[in-house]
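Below: one structure, written as structure tokens.
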Amino acid sequence: MPTVLVTGGAGFIGSHVARTYLSHGHRVVIADNLAGQRKDLIPKEAEFHQVDIRDAALNDLFAEVRPDIVNHHAAQISVPYSVREPLKDLSINVYGSANVLEAAARHHVKRFIFASTGGALYGEPQYHPCDEQHPIMPLSPYGVAKFCTEQYVRYYAQMRDMTSVVLRYANVYGPNQDPHGEAGVVAIFTQRMLEKEPSVIFGDGEQQRDFVYVGDVAQANVLALDLGDNGTYNIGTGAGHSVNELHRLLGQATAYQVPAEYEQARPGDVLRITLDSSKAARDLGWRPETSFQKGLELTVQSFADQRSSGDG
């Protein structure tokens, strides 16, 4: 089995991916600086190294671990933060990613899987759902940085004898998502509802998102270990759900009856986005398996369990 280095493996999506790789028998090494992350999310079977992807020490880690495959999830994940702090977003999401790519090339990594974005890449779509050929028109530095990194991934794959797979995620949600940041509306709503605290909707709540369950996303990363050479793939459901609908469904699941508070829309947020993942179905054999209703139920149950055990 190959050795897979997962950057950002202490984060929400990265930890799910690492755990799924381990369940398939792979040796998994996690690199994460633990900034705002939960160390308890790191699977016990994985090897862990605390390192920032921008540091020179990353090269030493590659020399020690000798990974066959890199799965790159380490990132600054907040769109609003990127609008407020574009240079910091650039430092992490472009420079940091380029540093990972350079180390991977220097140490002869065979395959590079990059977690990109579909939700922030296409801007206000010209058609729905967006396929991979849709014009790239990001409305935030976060989207710009992710697309820039995609170009670096293609460059390294072409010039440094390394295959790549780019996965453009829709709005990923599920257990262990951070409810205290600015990204992850499902987690934020769930936590506040369970605690019977007010929840805030930015804008009128009619903006639509393509919500994809994290377990399905992890499965896409498993398939990308062997399939989709040098391809770019949307990973979403193709279905849009409004924030108001999400609030209503989570309210039902948590017996929450407090009306939402509405505030001004945030800069950088798109009004409606859904992703066409038919290319991933054709090339990777990937399709979302978890319905929106089921995914919300699993998420609420996970948050409730953590809260009852004192971990939430």
Point to revise | Sequence of THR163, THR299 when ordered by accessible area, the most exposed leading, probe 1.4 angstrom | key: THR163, THR299
**Study point:** Volume per residue that the Cα convex hull of the range 158-312 spans, once the total is divided by residue count, Å³
**Key:** 129
Review point. Accessible area of ILE53, 1.4 Å probe, to the nearest 10 Å²?
Key: 10
Check your understanding: Given just the C-alpha atoms of the range 18-124, how large is their convex hull per residue in cubic angstrom?
Key -> 120
Exercise for review: On each of the three principal axes of the Cα atoms of the range 62-171, give max minus min coordinate, whole Å, ordered largest first.
Suggested key: 43, 29, 22
Review point. So how do SER15, SER91 rank on accessible area, 1.4 Å probe, biggest first, that is with the largest at the start?
Key: SER91, SER15
Check your understanding: Where does helix 185-194 land angle-wise versus the long Cα axis of the chain, in degrees 0 to 90, nearest 10?
Key -> 50
Review point. To the nearest 10 square angstrom, how much accessible area does HIS49 have with a 1.4 angstrom probe?
Key: 40
Practice item. Sort out for me the Cα centre separation of the range 95-116 from the range 24-58, rounded to whole Å. Key: 15
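Please give the calculated 222 nm ellipticity per residue for the chain, where each DSSP H segment of at least 4 residues contributes -39500 (n - 2.57) and the sum is spread over every residue; nearest 500 deg cm²/dmol?
It lands at -11000 deg cm²/dmol.
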Check your understanding: What fraction of the DSSP beta bridges in the chain is antiparallel, stated in percent and rounded to the nearest 5?
Key -> 5
**Study point:** Mean-position separation - Cα centroids, the range 136-186 and the range 244-312, in angstrom
**Key:** 19
Practice item. Work through the residues other than ASP161 whose Cβ is under 13 Å from its Cβ and net out their charges, Lys, Arg +1 and Asp, Glu -1. Key: +3
Exercise for review: Could you tell me how many degrees, from 0 to 90 and to the nearest 10, lie between the Cα long axis of helix 243-254 and the main elongation axis, the longest principal axis, of the Cα atoms of the chain?
Suggested key: 80
Practice item. Show ARG168, ARG54, ARG209, ARG84 ordered by accessible area, largest first, where the area counts protein heavy atoms only and the probe is 1.4 Å. Key: ARG84, ARG54, ARG209, ARG168
**Study point:** Gained length - LYS39 relative to ALA63, 0.36 nm times residue gap less alpha-carbon distance
**Key:** 6.3 nm
Check your understanding: Is there a pair in LYS110/LYS146; LYS110/LYS279; LYS39/LYS110; LYS196/LYS294; LYS39/LYS88 whose C-alpha atoms are over 26 Å apart, and which pairs would that be?
Key -> LYS39/LYS110
Exercise for review: Report the percentage of all Cα-Cα pairs in the chain whose separation exceeds 28 Å, rounded to a whole percent.
Suggested key: 35
Exercise for review: Measure nothing but the geometry: give the 0 to 90° angle between the long axis through the Cα atoms of 292-309 and the longest principal axis through the Cα atoms of the chain, rounded to 10°.
Suggested key: 90
Check your understanding: Which FRET efficiency value, to the nearest 0.05, is calculated for ASP305 and ALA56 with the Förster distance at 25 angstrom and r the Cβ-Cβ distance?
Key -> 0.05
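The values are calculated or read from the model by the stated rules, or taken from the named source; none is laboratory data. The structure displayed is predicted, hence computed values, not measured ones. Every residue, glycine among them, receives a Cβ derived from its backbone with ideal geometry; neighbour counts consider all protein chains shown. In case anyone asks, the SASA skips ligands and DNA or RNA and just uses the protein heavy atoms, side chains included. Shrake-Rupley method; radii C 1.70, N 1.55, O 1.52, S 1.80 Å.
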